[in-house]
Structure formats: C-alpha cells, structure tokens
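So the structure is just underneath, and the comments pick up after that.
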Amino acid sequence: MSVKEVTETSEAEIAVHWGEEEFFHPSPQFIAQANMTDPGILERFGLEHFPNCFKEYADLLTWYEYWHTTLDTSDAPCFKWFVGGRINASYNCVDRHLAKNRNKTAVHFVPEPEGEKIEHVTYQELHVRVNEFAAILRDFCGLKAGDTVTLHMPMVAELPITMLACARLGVIHSQVFGGFSGKACADRIIDSGSNVLVTMDAYYRSGQLIDHKEKADVAVAEAAKEKQKVDRVLVWQRYPGRYSSQTPMVEGRDFFVNDLLKRYYGARIEPVSMPAEAPLFLMYTSGTTGKPKGAQHSTGGYLAYVTGTSKYIQDIHPEDVYWCLADIGWITGHSYIVYGPLALGASSVVYEGVPTHPDAGRPWRIAQDLGVNIFHTAPTSIRALRKQGPDEPRKYDYHFKHMTTVGEPIEPEVWKWYYHTVGKGEAAVCDTWWQTENGGFLCSTLPAIQPMKPGSAGPGVPGIHPIVYDDDGNVVPPGTGKAGNICIRNPWPGSFQTIWRDRDRYVSQYYEKYCKDPKSKRWQDWPYMTGDAAVTAADGYVRILGRIDDVINVSGHRLGTKEIESAAMTVAEVAEAAVVPVKHELKGKEPDLYIALRPGCAPSDELAGRIRDAVVSEIGAIARPRKVWIVSDMPKTRSGKIMRRVLSAISNNADVGDVMTLANPEIVADITRMVQGK
Amino acid sequence: MDMIVEHVDVWAAPIKDEPGGLANILSGLKNAGADLDFIIARRAPEQPGKGVVFVTPLRGDTEVSAAATLGFNVTSSLKSLRVEGNNKPGVAAMLTEKLAAARINLHSVSAAVIGARFILYIGFDSAADAEKAAKLLEKT
C-alpha cells in the first residue's frame, strides 16, 4: 500500500467522529450576570504568568496561613502547590458561610421515592452534623490527621457530611462508588490501609430498597484475607432509628451512627489547620484492566482549583441552586457536588436515584420544585433522557442558566437536544473534558466569553495549556486535522499529587513518555500525558477521540482497534479477532490482525485475503492489516481475556514477558514460531 | 477437567416491559463502551409492566458510571460464578451433581455452548456458597 493511499483516507472515516460544527453564543442575559466576563483572564492565566496566576483561585478560599511558595518543583513530577499555606477544607465549605448564610440550604437531598420529602440541610445544620460526626471519628474511632478511612456510601446527604467530617480532622477519605461490590470496596480498603469503614444500611435504586450493608461484610472479610483489619464499621441508617438491611450487625465491630451520635450531641470540633499539600482524599480509578490506583488529591491546591473552576466555568453564585447528577463516588461528585459548590456557599442537590425513575420527567420535576438553575450531567444520562422522554422538559417550568456535560464526548445531535430542549435555548453549555487524576476541568469554554461548539470540549481552561504530541514527541499543530496524544504542558493545583503508595507508577504512567530529562526539577520538562487521543482545531478547540490504548496511529490517522476487529468478525469463519500495532518506518504504526477461527474452519490464504478485504471494505484502505495471522487459539487470561500485550510483543519482536499465568501459555510459542519463524 | 472458574459481579437493572425496553438499556451500555459476555433479560412477574436485565462484565469506571446512570447495580441477591471448559455430553449434569452433593442450593443457572467450549453462569444465595462451590469446581 502506498503512502498516498494512506493519507487520502479521511480522519472522519477512520475515527468515526463528527465534523466541525457552527458556534453557538451565550445569551446577553447570561453574560450580564456571569462571574467572569473579562477576556483578560486568558492573558492573566497565560504561561508567562504561571504559576502565580493560580493565586486568583487560592484567594477565593480562607487560609489560616498564606503560602510562601506557589509551586514547589523540587520533587518533580510530584508538584506541591501553595507550600507553607495552612487551610481546612471543611472550614471553607461550612463554617465560613455561617455568618451570612447560616439558614441557607447547603444540600438538598432528594430521595428517589417521590413520596418522600426532600431534605433541606442548611449550612447551620451541616455544621452541626459535620461536627458531631467528626467527634465520632476522632473520639470513638481514634482517627487523626493523616489516617485513612474508607467510605462506601450511596447518594445521600450523609455522604458529604461524612466527607466534610473527615476533612475537618485532616483524615484522608476514600469514597468507593456505592454501586461497587464488597470485593471492589475491599480492594480499596486494602490499598488505602483503612481500619474504619463508613457505610449505610440501604438505599433506593430504581424503586427498590437495596441492602447495602451486606457489601460491608464482604468487604471486611475480603480485606481480612489480605491482613487488612477493619476495626470499626459505622453504619448510617437510611431511615434513622430503623435498620433496613437483612444483614446482622456484628457486635463489637458494627455500630449505628445514629446510636453513637447521641453520645456526641452538641460536640464541636475545631477544624485542624492542615498544610496545603496534605492529602484531602483518595479517589480510586480503574482502567479496563489492572489494579485500581488511588489518585491522591491535596487539600489547598485541589480546593482552590475546584472552587475557581466552579466559579468561572460553572458560573456558580452563592444564590444559585446547582444540581450535578453525577455520583459523589466519582471525582465529578467530589469536585462539583461537594467541594466546589459548597466552598462557594451555593445550594447543591444530592439525588439518590436513577434519573429516569420512575419516568424521564423526574429530573425536570426536581428542577422545577427546587428552582435549580445550573445543571450538570453526563452524555449517558442525556441520551437516556432524550430517548425515553424527548419532549418531557417542555412540560415543566424550570429555567437553567448554565449546563455542563462531562465524562465523554457528546455527539452534536445530542448536544443540540440538550441545548434546545433541556436548556430551552437559554442556557450556556460547557462541554468539559477532564479525568479523575486532574481534580477539575482541563478543557471547556469560558461560558460568557467563548462560544460553544457542539462536539468540541473547547480550549484549555484558564491556566491549562494543552499540547498534542505524536508518538515521537513532535508537536501536532492545531488545525492540521491530525490527531495525537493530548498532554498538558504545565502542572496545575487541582492535579493529583501521586498514586497512593506508588510513585513509580505515577511517573511511568503519566510523565515518563514525554519527559525530556528524568532528573529535571523544571516543570517545563514534565508534560502530563492524559492517555487520551485528541485533535485540535485551528481555533484551539479540542475534540477528544478516546483512549490512546484503543487506537493505533497510522500516518497520523487514528484507527480504532475495536472497529478493525469488528470488521474482521463480519467474515463468517472468524471466531475471535485481535488487533495490535506494529512499528513501521514511514507510517509510524500499522495493524497486525490475529484471527482464531470457528471450529471446523480451516485456515487458508484465500480466507486471510477475505478477512483483509472485509477490513478495507468496512473501514478503508488505511486500515488494511500488515498481515492476517490465523492462529489456532489466542493467548488468554484465565478469565478468557485476550492478551493483546503478548501478541503485540510477538509482532514487534519484543520480550513477551511472563506468560505462565495465562490459561494457555503453550500457545505463545506456537504463535511466535508462526510470526517470527523461530 | 480443565475448567476456568471465576467469581463475577453480575449487574442488574430494571427495564420496561415494552418494545425497546431492553434495547434502550443495552444501547446505553454500548455507548459507554461495554463489551458484554453475558446478558439475560426477563419479565418480572411480580411487577407487571416491568422486567429485569442481568449483564456482566462491566470494566472500568466509565462503564460502571454509565451503567449506574442507567439503573444498574451489582446484584446483592446473586453471588455468581462463571465456569468455562471443554464441552462434553452431560457436563452440566456432572457439575450440578457435584454441587448437590455438597448441599449447595442454586439461585440460578444459565449455560451455553460455543464451538467446543461451554460457559456456565451459576448464581448462589450467599457468598459462602459461591466460595464453597468455586473450590469444589476448581478441583473437578
């Protein structure tokens, strides 16, 4: 295949992404009330003003002591922000609002059953409940600053209360998404080294009261197998005073929080003055494979970043009613349900259940009832709501001034439904892109300053300077239509500090690839690799294409491995297909295609040709495999997952590593002989 | 007998008993990138107009987060094992006899043969039963 043939295939054909769209502009009404209307912010946060520009965010907080060093790079790439500063996150999210807004709602808890009353937790009540629970953590559990505690809680008001109680003491919380199993919770207890688990007896999901406490029992038992003892399990009750789980309490280990609270009535715990760089929480993230890693987020830098982006990107004012439909078990919920909005003194909605329960009108009834004016959700929810109730929003009297999407790229047609139907054409939409590790938004428009473009995440937010590199470290310029690995040139305060107890993995996974000098103490030598592929338009707006691991870069074109495999599977004889990248001098990479056949089918050159043709026909000439290898079986894990890493090593004449844990290690030698002739 | 026995998290979500009820949910998972090995959906006789779908696996935060939004939760009532091995006549009977002999009651069983291999999903009433069954089957 010629190089010309390669470059003639369009990006759109290969990456299955959409073209550039027209701009949408925010309304004059939105601009008139927006927190940030000064385009000078982009200049103020330019690299020439880095890192001191982030003082503007840090100044939104109340500090016990100001910092002496804005950015300490002496342990690069473990960057420390606002060093010397002392702060408490709980104080900033609760106490400091009492003087003016004691009786303002901090958290609206909306139970899933519509018949149950919405609970409005004022800042005063939040203060009382956070203090009393902090007393339990400190005086009953013996926790102190620097200890870790695992939370496995659903979406209830008690979750932010628990988090803020931990933060008050400087205890590092690690909230595990409530939907995860007890085993997944145990993995995180073990890694974080927690001796205390905070959970809830039950919660509602799609109309059912689900027994949650039983997961705690599994988690504690599994953790014990790895010698991680959990001494205390604190159980919140979905209905205070009533136990809603079938799982027995374990004497001496399990305690109802509501019983303990009686002992600590009226307790007030002075917030602990914490160093700015002290960890605030761990947020475990797992890719499609591998051990979950605990992203360690700081107190001062993180809180400054989420407060600043909440104010300027989400345009949160203290008088706003803000609803983020994410789960607090994910980073979005930590940053943009709890810490960011509460630091700004807003009212934040916590909804217990499924957005489409009992019908697709539910979110809009909640918005109407509470007067929600800022809405934040993921494309998955938007698609589901659009599919199940495309006209529902029109039936309800609510008005959003601002809406956010997060989590994945949103298709332009879905974006337009969100804008026209959900937002009623009135709301500014921010399509944000960021990751668990980042603490807060990386790319988005500034809603009153930069126009919206459906399908694009926008440029880097103030202080974030994205750059796209190819695999060899060359810059892929904006406007070329070429995709590459999107990195951030500079550190920022919200970024995670390290992977909990695994600095080497932190460096190797996020910084090693494009580091110019591993011994360097200069931040300029440590671009952060996000792991996502992206293309930047001439106007600087970024389109995210997906994870690097899922694409092969052939002459600057991103080939989705799953798309090639799916194309091969259209041939009737093919049972399994696996694509791996092979180095090529001119094209960078090209795909090798491994095929296992259905029983009774015989390999042949004719069949290999048909498979190759199917890939070209389905995707394009650019995707033509270098070689189709028909093998007797794929190397697999014991759970049946194809080990593409092994196939890639064989295709690239590299070391296949330890294969003895495979279900069929003998196949590796057979495939190696076939491919390498040895 | 060479078998792969592993614990799996089965996720369940309610669906509407109407045309497209299942497709809506599955397309949501597809958009989130889920690559499912196992799907069972059925009517829920105790809840007219509703059904339930069970799926596995969900890998990674993005898939789990999207699934939760669609109403999925790890099933608390099902402690499940996935068993895979070479197919032969009577293998399902042989495995279930082994579990019966150990006085393990089964919550649910689903099995299929693809080519020369069988895949069996077994649901148990408790984690202890699942653990006991896994040990027994691994020795088979």
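The values are calculated or read from the model by the stated rules, or taken from the named source; none is laboratory data. Just so you know, these numbers come straight off a predicted model, no measurement behind them. With ideal geometry, Cβ positions are generated from the backbone for all residues, glycine too; neighbour counts draw on all protein chains shown.
Within segment A:440-462, which residues are in a loop (DSSP other than H, G, I, E, B), at pLDDT 95 or above and under 19 Å from the mean Cα position of the chain (by Cα)?
Of all residues in segment A:440-462, those in a loop (DSSP other than H, G, I, E, B) come to A:440-442, A:444-451, A:453-457, A:459, A:461-462.
Subsequent filtering for residues that are at pLDDT 95 or above retains A:440-442, A:444-451, A:459, A:461-462.
If the condition is that a residue be in a loop (DSSP other than H, G, I, E, B), at pLDDT 95 or above and under 19 Å from the mean Cα position of the chain (by Cα), then A:440, A:441, A:442, A:444, A:445, A:459, A:461 are the ones that fit.
Kindly list the number of the only condition in (1) in contact with a Lys or Arg (Cβ under 8 Å, 6 or more places away or on another chain); (2) within 30 Å of residue A:408 (Cα to Cα) that fails for residue B:60.
Tallying (1) in contact with a Lys or Arg (Cβ under 8 Å, 6 or more places away or on another chain); (2) within 30 Å of residue A:408 (Cα to Cα), residue B:60 fails exactly one: (1).
Among the candidates A:250, A:257, A:235, single out the residue that is in contact with a Phe, Trp or Tyr (Cβ under 6 Å, 6 or more places away or on another chain), free of Cβ contacts under 8 Å to residues at least 40 places away in the same chain and away from every other protein chain (no Cβ under 14 Å). First the steps, then the outcome.
Details: A:250 fails: in contact with a Phe, Trp or Tyr (Cβ under 6 Å, 6 or more places away or on another chain); A:257 fails: free of Cβ contacts under 8 Å to residues at least 40 places away in the same chain.
Exactly one of A:250, A:257, A:235 is in contact with a Phe, Trp or Tyr (Cβ under 6 Å, 6 or more places away or on another chain), free of Cβ contacts under 8 Å to residues at least 40 places away in the same chain and away from every other protein chain (no Cβ under 14 Å), namely A:235.
Being touching a strand residue (DSSP E or B) at 6+ places or on another chain (Cβ under 9 Å), at positive phi and of a type outside the set (Ser, Thr, Tyr) narrows it down to one residue among A:333, A:329, A:371, A:353; which is it? Working first, answer last.
Working: A:333 fails: at positive phi; A:329 fails: at positive phi; A:353 fails: at positive phi.
Every option except A:371 fails the conditions.
Please list, ordered by residue number, the helices (runs of 4 or more DSSP H) wholly in segment A:335-439 having 1 or more residues that are touching a residue at least 40 places away in the same chain (Cβ under 8 Å) and small (Gly, Ala, Ser).
A:340-343, A:362-370, A:379-388
Here are the criteria: (1) crowded, with 22+ Cβ neighbours inside 10 Å; (2) touching a residue at least 60 places away in the same chain (Cβ under 8 Å). Tell me which single one residue A:451 does not satisfy.
All conditions pass for residue A:451, except number (1).
Scan segment A:313-333 residue by residue and report those that are within 13 Å of chain B (Cβ to nearest Cβ) and within 20 Å of residue A:463 (Cβ to Cβ).
If the condition is that a residue be within 13 Å of chain B (Cβ to nearest Cβ) and within 20 Å of residue A:463 (Cβ to Cβ), then A:331, A:332 are the ones that fit.
What do you reckon, is residue B:112 outside any helix (DSSP H, G or I), at negative phi and surrounded by fewer than 14 Cβ atoms within 10 Å (Cβ to Cβ)? I'd like the intermediate steps shown before the answer.
Working: outside any helix (DSSP H, G or I): yes; at negative phi: yes; surrounded by fewer than 14 Cβ atoms within 10 Å (Cβ to Cβ): yes.
Yes.
Taking segment B:50-81 only, how many residues are of a type in the set (D, E, K, R) and at pLDDT 90 or above? Spell out how you get there, then give the answer.
Filtering segment B:50-81 for residues of a type in the set (D, E, K, R) gives B:50, B:59, B:61, B:63, B:79.
After this cut, where a residue has to be at pLDDT 90 or above as well, the list is B:50.
Total satisfying the criteria: 1.
Among the residues of segment A:244-275, which ones are under 30 Å from residue A:437 (Cβ atoms) and touching a Leu at 6+ places or on another chain (Cβ under 9 Å)? Break it down stepwise before answering.
Keep residues of segment A:244-275 that are under 30 Å from residue A:437 (Cβ atoms), which gives A:271-275.
If the condition is that a residue be under 30 Å from residue A:437 (Cβ atoms) and touching a Leu at 6+ places or on another chain (Cβ under 9 Å), then A:271, A:272, A:274 are the ones that fit.
Could you check residue A:81 against (1) part of a helix (DSSP H, G or I); (2) touching a helix residue (DSSP H, G or I) at 6+ places or on another chain (Cβ under 6 Å) and say which number it fails?
Of everything listed in (1) part of a helix (DSSP H, G or I); (2) touching a helix residue (DSSP H, G or I) at 6+ places or on another chain (Cβ under 6 Å), residue A:81 misses just condition (1).
Identify all residues within segment A:559-616 that are among the hydroxyl-bearing types (Ser, Thr, Tyr), over 32 Å from the mean Cα position of the chain (by Cα) and either surrounded by fewer than 18 Cβ atoms within 10 Å (Cβ to Cβ) or part of a loop (DSSP other than H, G, I, E, B) (or both); write none if there are none. Write out each step before concluding.
Pass one, segment A:559-616, residues among the hydroxyl-bearing types (Ser, Thr, Tyr): A:561, A:566, A:570, A:594, A:604.
If we keep only those that are over 32 Å from the mean Cα position of the chain (by Cα) too, we end up with A:570, A:594, A:604.
Within segment A:559-616, A:570, A:604 qualify.
Against the condition over 25 Å from residue A:435 (Cβ atoms), touching a residue at least 12 places away in the same chain (Cβ under 8 Å), surrounded by fewer than 21 Cβ atoms within 10 Å (Cβ to Cβ) and within 14 Å of chain A (Cβ to nearest Cβ), how does residue B:105 come out, does it pass? Outline the logic, then answer.
Numbers: over 25 Å from residue A:435 (Cβ atoms): yes; touching a residue at least 12 places away in the same chain (Cβ under 8 Å): yes; surrounded by fewer than 21 Cβ atoms within 10 Å (Cβ to Cβ): yes; within 14 Å of chain A (Cβ to nearest Cβ): no.
Judged against the criteria, residue B:105 is not a match.
Filter segment A:129-184 down to residues that are out of contact with any Ser or Thr (no Cβ under 7 Å at 6 or more places or on another chain), in a loop (DSSP other than H, G, I, E, B) and not hydroxyl-bearing (Ser, Thr, Tyr), then give me how many there are.
Qualifying residue count, segment A:129-184: 17.
Please pick out the residue among A:250, A:306 that is surrounded by 16 or more Cβ atoms within 10 Å (Cβ to Cβ) and hydrophobic (A, V, I, L, M, F, W, C). If you could, list the steps in order and put the result at the bottom.
Details: A:250 fails: surrounded by 16 or more Cβ atoms within 10 Å (Cβ to Cβ).
After ruling out the rest, the residue left standing is A:306.
Inside segment B:74-98, can you point out the residues that are over 18 Å from the mean Cα position of the chain (by Cα) and either facing chain A (nearest Cβ under 9 Å) or among the β-branched types (Val, Ile, Thr) (or both)?
From segment B:74-98, those over 18 Å from the mean Cα position of the chain (by Cα) are B:86-91, B:93-94, B:97-98; that's our starting set.
Selection gives B:91 alone.
Do we find a residue being closer than 28 Å to residue A:345 by Cα, β-branched (Val, Ile, Thr) and touching a residue at least 60 places away in the same chain (Cβ under 8 Å) anywhere in segment A:41-54?
Checked against the condition, which is being closer than 28 Å to residue A:345 by Cα, β-branched (Val, Ile, Thr) and touching a residue at least 60 places away in the same chain (Cβ under 8 Å), segment A:41-54 yields at least one hit.
If I ask for residues that are over 19 Å from the mean Cα position of the chain (by Cα), within 11 Å of chain A (Cβ to nearest Cβ), farther than 17 Å from residue A:357 by Cα and not charged (D, E, K, R), which ones from segment B:38-73 would you list?
If the condition is that a residue be over 19 Å from the mean Cα position of the chain (by Cα), within 11 Å of chain A (Cβ to nearest Cβ), farther than 17 Å from residue A:357 by Cα and not charged (D, E, K, R), then B:62 is the only one that fits.
Quick check on residue B:36: is it in contact (Cβ under 8 Å) with a residue 12 or more places away in the chain, assigned to a loop (DSSP other than H, G, I, E, B) and of a type in the set (A, V, I, L, M, F, W, C)? Before the answer, list the steps.
Numbers: in contact (Cβ under 8 Å) with a residue 12 or more places away in the chain: yes; assigned to a loop (DSSP other than H, G, I, E, B): yes; of a type in the set (A, V, I, L, M, F, W, C): yes.
For residue B:36, the condition - in contact (Cβ under 8 Å) with a residue 12 or more places away in the chain, assigned to a loop (DSSP other than H, G, I, E, B) and of a type in the set (A, V, I, L, M, F, W, C) - is met.
Just name the residue that is farthest from the other protein chains (Cβ to nearest Cβ) out of those in segment A:340-363 that are under 22 Å from the mean Cα position of the chain (by Cα) and among the small types (Gly, Ala, Ser).
Ranking the qualifying residues of segment A:340-363, first place goes to A:343.
Of all residues in segment A:258-312, count the ones that are among the charged types (D, E, K, R), at pLDDT 95 or above and farther than 17 Å from residue A:344 by Cβ.
Step one: list which residues in segment A:258-312 are among the charged types (D, E, K, R), which gives A:259, A:262-263, A:268, A:270, A:277, A:291, A:293, A:311.
Checking the rest, the ones that are also at pLDDT 95 or above come to A:259, A:262-263, A:268, A:270, A:277, A:311.
Those still in the list that are farther than 17 Å from residue A:344 by Cβ too: A:259, A:262-263, A:268, A:270, A:277.
Result for segment A:258-312: 6.
Is there a residue being touching a residue at least 24 places away in the same chain (Cβ under 8 Å) and within 14 Å of chain B (Cβ to nearest Cβ) anywhere in segment A:294-312? So that I can check it myself, show each step before the final result.
Of all residues in segment A:294-312, those touching a residue at least 24 places away in the same chain (Cβ under 8 Å) come to A:294-312.
Okay, now just the ones that are also within 14 Å of chain B (Cβ to nearest Cβ), so A:294-295.
There is at least one residue in segment A:294-312 that is touching a residue at least 24 places away in the same chain (Cβ under 8 Å) and within 14 Å of chain B (Cβ to nearest Cβ).
Just a yes or no: is a residue in segment A:239-259 touching a Pro at 6+ places or on another chain (Cβ under 7 Å) and among the β-branched types (Val, Ile, Thr)? Steps first, answer last, please.
Just the residues of segment A:239-259 that are touching a Pro at 6+ places or on another chain (Cβ under 7 Å), to begin with: A:258.
Pick out the ones that are also among the β-branched types (Val, Ile, Thr) and you get none.
For segment A:239-259, residues touching a Pro at 6+ places or on another chain (Cβ under 7 Å) and among the β-branched types (Val, Ile, Thr): absent.
Hey, among B:35, B:2, B:17, B:9, which residue is within 20 Å of residue A:177 (Cα to Cα) and either more than 8 Å from chain A (Cβ to nearest Cβ) or not basic (Lys, Arg) (or both)? Steps first, please.
Values: B:35 fails: within 20 Å of residue A:177 (Cα to Cα); B:2 fails: within 20 Å of residue A:177 (Cα to Cα); B:17 fails: within 20 Å of residue A:177 (Cα to Cα).
Unique residue meeting the criteria: B:9.
In this structure, does residue B:95 turn out to be at pLDDT 90 or above, touching a helix residue (DSSP H, G or I) at 6+ places or on another chain (Cβ under 6 Å) and not in a strand (DSSP E or B)?
Details: at pLDDT 90 or above: yes; touching a helix residue (DSSP H, G or I) at 6+ places or on another chain (Cβ under 6 Å): no; not in a strand (DSSP E or B): yes.
The answer is no for residue B:95.
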